[in-house]
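The structure appears right after this line, and notes come after that.
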Amino acid sequence: AVCSMGNSTSRLYSVLAKTLSSGAVSQHQDCLEQLDSAQLDPIDPKELLEECQIVLQKRPPRFQRNFVNLKKNTASNHRPIRVMQWNILAQALGEGKDNFVQCPMEALKWEERKCLILEEILAYKPDILCLQEVDHYFDTFEPLLSRLGYQCTFFPKPWSPCLDVEHNNGPDGCAMFFLKERFELVSSANIRLTAMKLKTNQVAIAQTLKCHETGRLFCIAVTHLKARTGWERFRSAQGCDLLQNLKSITQGAKIPLIVCGDFNAEPTEEVYREFSNSSLNLNSAYKLLSPDGQSEPPYTTWKIRPSGECRHTLDYIWYSQHALNVTSALGLLTEEQIGPNRLPSFNYPSDHLSLVCDFSFNQDPDRLL
């Protein structure tokens, strides 16, 4: 089901261009899960990026975004850990359910859109990648990213809305990828979130990693909470459940924590306040881009649906502010860059912007809350 990839660009392109049908995915999912990526040839990321750019040569160039240096005076003695958070937009939802009235269907073609997604990932070179709405894990992201040196984990939603779309590619879910050369997996938990003691359709992955360079442990989590207006209390309950799980995993904040997610919640919502006021002592990294360090960005998603324009801040990277420093963060796209038709577009593959932060450990590992 998956071709070996060597140094030949033609072989690279053949795998990049291949998209399995939903039948093929369900048929081969078991063997794909059991594939030993160590037996497959590694990919040169520069070659893969070049192949993506060949596929995208008729599209406008990708947007330029700059990192904002947030480093404090305290010097770090280790390489920063780059974390990328991104709701990449499930292919089945983009084509079949989301009704982006200003986005041409041609811009949503998977053969090209997946190259835009890969181009974004390859451009920022995250050490840890947290994704939501992944419905091409087994035929695209796991085969490619495992050969770029990432360890890959996927947890699908129990009742994914993608399954309602004709010619879907299976359920969407959360996915996490970390570079094996930088980290060792200590423990991993797939969490099905509950609300009012009932199991819900939303999930999270939480992994405790050991940094090879420093020997320090930290926990990284990815989640995607319930969408839509009217579900605020439900999201709040899901957030409480996730926090309880993370308190247990981090031994009550003894292990530093980073939480990436599409919370589907503006900063005015209760679930945001729960994370802000948690005993885990979390801060939202992108607040640091504001002049006073106290305000979230004006938007992380911007789209036009039949009901009108939707411009919201829903995506966050939370971190243990007692144990971690944010040394830099990737600036967001301006309204001028996004353009009047908003997202997604021929320039950008998702309706959500990627968030990227560089973290360093606090120099006093024994510092308490």
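The values are calculated or read from the model by the stated rules, or taken from the named source; none is laboratory data. This one's a predicted model, so the numbers in the text were calculated from it and none came from an experiment. Cβ coordinates were reconstructed from backbone atoms using ideal geometry, including for glycine residues, and neighbour counts include every protein chain displayed. Surface areas here come from the heavy atoms of the whole protein model, side chains and all, with no ligands, DNA or RNA. Shrake-Rupley method; radii C 1.70, N 1.55, O 1.52, S 1.80 Å.
Along its three principal directions, the equivalent ellipsoid of the chain from the Cα gyration tensor extends over semi-axes of 29, 24, 22 Å, largest first. Shown is the FRET efficiency for Lys199 and Glu270, computed with R0 = 30 Å from the Cβ-Cβ distance and rounded to the nearest 0.05: 0.90.
Could you check how much of the accessible area of the stretch 76-363 is carbon and sulfur, as a whole percent, using a 1.4 Å probe? Percent of accessible area from carbon and sulfur atoms in the stretch 76-363: 48. For the chain, the residue among Ala204, Leu70, Gly230 whose Cα projects farthest onto the positive side of the dipole built from Cβ charges is Leu70. Rounded to the nearest 20 debye, the dipole size of the chain about its Cα centre is 680 debye, using +1 on the Cβ of Lys and Arg and -1 on the Cβ of Asp and Glu. Helix-only arithmetic for the chain: the sum of -39500 (n - 2.57) across DSSP H runs with n ≥ 4, divided by the residue total, places the mean residue ellipticity at 222 nm at -7000 deg cm²/dmol. Taking one quarter of the surface of the convex hull spanned by the alpha-carbon atoms of the stretch 62-200 gives a direction-averaged projected area of 11.8 nm². For the stretch 76-363, the relative contact order works out to 22 percent when only alpha carbon pairs closer than 8 Å and six or more residues apart are counted.
What does the accessible area per residue of the chain come to in Å², with a 1.4 Å probe and no ligands, DNA or RNA counted? So the chain comes to 43 Å² accessible per residue, rounded to a whole number. Each part reduced to its alpha carbon centroid, the stretch 89-133 and the stretch 240-262 end up 28 Å apart. Across the stretch 151-299, C-alpha contacts under 8 Å between residues 6 or more apart give a mean separation that, scaled by the residue count, equals a relative contact order of 16 percent.
In the elastic network of the chain, a GNM with C-alpha springs shorter than 10 Å, the most mobile of Thr194, Thr301, Thr268 is Thr268. Placing a pseudo-label 7 Å from each Cα along the Cα-to-Cβ vector at Lys58 and Asn277 gives an inter-label distance of 5.5 nm. Across the cross-link table entries Lys46/Lys125; Lys71/Lys287; Lys197/Lys226; Lys46/Lys210, which are compared at the Cα atoms, the separations over 18 Å belong to Lys46/Lys210. Accessible surface ranking for Glu309, Glu112, 1.4 angstrom probe, highest first: Glu309, Glu112.
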